[in-house]
Amino acid sequence: MPTKTKPKRRILSHVVLGVYVLTVLYPLWFVLVASMKNNTELFNDPWGLPHQLDFTNYIHVLSNSPIWKNFMNSAIVGLVATFSTILLSTAIAYAVTRMKFKVLNKLVYGLLLISLLIPPASLLIPLYIMIKDFGLYNSHLALILPYTSFGIPLSVFIISAFLKSIPLELEEAGVMDGLSTYGILGRIIIPLTMPTLVTVFILNFINNWNEYILASLFLSSQELRTMPVAIVAFADKYNFNYGAMTASIVLSVVPVMIMYAFFQRSIIEGVTAGSVKG
């Protein structure tokens, strides 16, 4: 019986995975195809292939809009916030997993867990008031600080789960060699946790890169806009330039895909290490 049911289960699992992959990839395919049509062709035949490979929308986006400026804004905000999140999360995770302050560690873990349960949307009004009072409105710091704060709790849990699997003997050997706490963190802990840090980097960077609500709320200057806000700007009350919008969406997806292509092995190692050792 088991030998007969196994092939059926494999077929069912492959069918489920195939449907899932198609569900994920089809929106990307639709956007890519739509980016090569004009508005008339898109409305007349939204599901069909373009009659010819037309890159007019891409030329229009690159030559008539500040898309490169918006691209650089997203890159600066995303990278600074992501590196800040990793730096602070690694320090917090190392402290709560290695320092012998049980009550304080439980308190920190509890606060981080509570912060994960709070919907970010419920913090928009107090956050907006704080940003205005600190004079950070309409600046990149208005995004970098919230992005860093929102990314820390989950990053600490991921990194600390991996740190618990590192033998204490390695750190004791570092102490015998005369390393300080910062030396152990920099020369032993961080190199060993690099796959996990890469995974955390990708997760946080993608979240920051695609974030729209805070970017539209805290930035009013067109020169400071990030990519999600710039993409939405192609559609307003009176004019919907779907071709330019889909072309800019494709341009915004390219860096994330390139990043994943370069770091996919580290991402898989990080996720696998966390699931097995954590």
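The values are calculated or read from the model by the stated rules, or taken from the named source; none is laboratory data. Since the structure is predicted, the reported quantities are computational estimates derived from the model, not experimental observations. Counting neighbours? That spans all protein chains shown, and the Cβs are built from the backbone with ideal geometry, glycine included. Quick note on the areas: whole protein, heavy atoms, side chains included, nothing else; ligands and nucleic acids left out. Shrake-Rupley method; radii C 1.70, N 1.55, O 1.52, S 1.80 Å.
Take the chain, connect every pair of alpha-carbon atoms lying under 10 Å apart with a spring to form a Gaussian network, then pick out the residue of 85, 40, 196 with the largest mean-square fluctuation.
Result: 40 has the largest fluctuation of those listed.
Could you tell me the relative contact order of the chain? Use alpha-carbon pairs under 8 Å, at least six residues apart, and round to a whole percent. Could you put the intermediate results ahead of the total?
Numbers: 246 pairs, mean separation 86.6, N = 278.
Relative contact order, the chain: 31 percent.
Per residue, how much accessible area does the chain show when a 1.4 Å probe rolls over the protein heavy atoms, in square angstrom? Provide the component values of the computation, followed by the final result.
Details: 17310 Å² over 278 residues.
That works out to 62 Å² per residue.
Run the simple label-point estimate for residue 25 and residue 40 please: 7 Å along Cα→C-beta, distance reported in nm.
Going by the 7 Å Cα→Cβ label model, 3.4 nm.
Lysine pairs in the chain 8 or more apart or on different chains: how many have alpha carbons under 17 angstrom apart? Working shown, then result.
Working: 100/164; 102/164; 106/164; 164/277.
Going through the chain pair by pair, I get 4.
What does the charge count around residue 184 come to, taking other residues whose C-beta lies under 14 Å from its C-beta (Lys +1, Arg +1, Asp -1, Glu -1)?
Values: positive: 98, 187; negative: 169, 171, 172, 177.
Around residue 184, the charge tally is -2.
Using a probe of 1.4 angstrom, how much of the accessible area of region 190-255 is carbon and sulfur, in percent? All intermediate terms of the calculation are to be shown ahead of the outcome.
Working: 1900 of 2950 Å².
Answer for region 190-255: carbon and sulfur cover 64 percent of the accessible area.
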